[in-house]
Amino acid sequence: MRRARADGWWYPWIFVFGMLVVIAVNIVLITSAIDTFPGLDTEDAYQKGLAYNQTIAAARAQEARGWQADVRYAPRADAASAAGREAAGHEGELVVTLRDKAGEPLYGLDVDAALIRPTRSGLDTRVSLQPAGNGEYRGEAILPLPGQWDVRVFARRGNEDFQATRRIMVL
């Protein structure tokens, strides 16, 4: 004769099923985290750490100079149709305006910029900027994707260095 099961015999299985769901979600999240992590974020981290005091001194010297940078990106007005632009990239002009502490234009600088995609590695590009008068420096930039880009401006005149980072939006 077969004995009937007691009421609630399946209650422990709810706990087992719940734990299996938690384990499955954890496996998915761990796999996703490992697959999307690009690796080392800072190149030469050890060497940069050794030069930390020099970096702080350079930042203080830059702050004392009071130079200011304004960065803007203007898409080319004569760009081809949207389909052609997708294939060639997003072409435009990067314009950096540099001024001193008093707001006067800075002349005679060697200026270049690094355009860095903050969410995806491997798309970075460098642009050499040419003087255009009134403290403006201009250069052509072709970016592979629209969206947010970080622009790191590097300017040098003699032994005076300047660095600034600004975020731009490319449409």
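A few comments on the model shown:
- Here residue 95 sits with roughly 0 square angstrom of accessible surface, probe radius 1.4 Å.
- In the full protein context, the chain carries 73 Å² of accessible surface per residue, based on a 1.4 Å probe and ignoring ligands, DNA and RNA.
- Dividing the convex hull volume of the alpha-carbon atoms in region 13-171 by its residue count gives 192 Å³ per residue.
- The chain, dipole about Cα centre (Lys/Arg Cβ +1, Asp/Glu Cβ -1), debye to the nearest 20: 800
- Computed from Cα positions, the angle between helix 11-36 and the longest principal axis of the chain comes to roughly 20 degrees.
- Whole-Hz couplings from phi, Karplus 6.51/-1.76/1.60, listed for region 121-129; x for Gly and Pro: 7, x, 10, 5, 8, 10, 10, 8, 9
- In degrees, nearest ten, helix 52-65 long axis to first principal axis of the chain (Cα): 50
- Each of 13, 128, 59 was placed along the dipole of the chain (beta-carbon charges, centred on the mean Cα), and the one lying farthest toward the positive end is 13.
- In this structure residue 14 has an accessible area near 90 Å², from a 1.4 Å probe over the protein heavy atoms.
The values are calculated or read from the model by the stated rules, or taken from the named source; none is laboratory data. Since the model is a prediction, treat every value here as computed from it, not as a measurement. Every residue, glycine as well, gets a Cβ built from its backbone with ideal geometry; the counts of neighbours run over all protein chains shown. Side chains are part of the model used for accessible areas, which takes the heavy atoms of the whole protein and leaves out ligands, DNA and RNA. Shrake-Rupley method; radii C 1.70, N 1.55, O 1.52, S 1.80 Å.
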